[in-house]
Amino acid sequence: MRYQWLILICALFSGLTAHYFWQKRDPNARHDPYYPMQILEYGEDVIDLFDTADPRIRVVYFGYTQCPDVCPTSLAILSSALDNLSETQRQNVWPIFITLDPERDTAIKTKEYASYFKAGITGLVGTVEQTAGW
């Protein structure tokens, strides 16, 4: 019983400490967002993945077009999940496939590969530098 009180006191102290530091931040302070991969190719077009004017939720999957097992399975699961959304919900989601092998996967190839699974999945290619940190 003594240990339960000790655990309860520690949890309460941790919660109050976290609340104090959370409230201490200025909610009106302007912070520049971190955009590690801002411009990516889509087919023959260049798009801004982090366009702040686009309110859709990004569901991003990283993979390869040459991947024999995991990538197609994961994209099929993503496609199935998208099928379970209502039309209104679906309009608020932007499913994206980004290749991690931009040297072999061209923009056109990635776009076609993503469209095999669902017409709404966007296939994107960045430069080696853009995708290196992912």
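The values are calculated or read from the model by the stated rules, or taken from the named source; none is laboratory data. Everything numeric here is computed off the predicted structure, so don't read it as measured data. A quick note on method: Cβ atoms are made from the backbone with ideal geometry, for glycine too, and the neighbour counts reach across all protein chains shown.
Laid out as a table, the results:
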| read-out | value |
| --- | --- |
| Hits in the range 101-134 (condition: closer than 15 Å to residue 47 by Cβ and of a type in the set (A, V, I, L, M, F, W, C)) | 107, 108, 114, 121, 124, 125 |
| The range 105-134: number of residues that are assigned to a loop (DSSP other than H, G, I, E, B) and either modelled with pLDDT of 90 or more or touching a helix residue (DSSP H, G or I) at 6+ places or on another chain (Cβ under 9 Å) (or both) | 4 |
| Contacts under 8 angstrom Cβ, first residue in the range 103-129 being over 23 Å from residue 92 (Cα atoms) and free of Cβ contacts under 8 Å to residues at least 60 places away in the same chain, partner hydroxyl-bearing (Ser, Thr, Tyr) and not in a loop (DSSP other than H, G, I, E, B), 6 or more apart | 105/99; 105/113 |
| When residues of the range 88-99 are limited to those that are among the hydrophobic types (A, V, I, L, M, F, W, C) and under 13 Å from residue 41 (Cα atoms), the one surrounded by the fewest Cβ atoms within 10 Å (Cβ to Cβ) | 96 |
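Rundown of residues vs (1) in contact with a Gly (Cβ under 9 Å, 6 or more places away or on another chain); (2) farther than 18 Å from residue 128 by Cα; (3) not polar (S, T, N, Q), yes/no style:
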position	(1), (2), (3)
52	no, yes, no
60	no, no, yes
66	no, no, no
75	yes, yes, yes
87	no, yes, yes
97	yes, no, yes
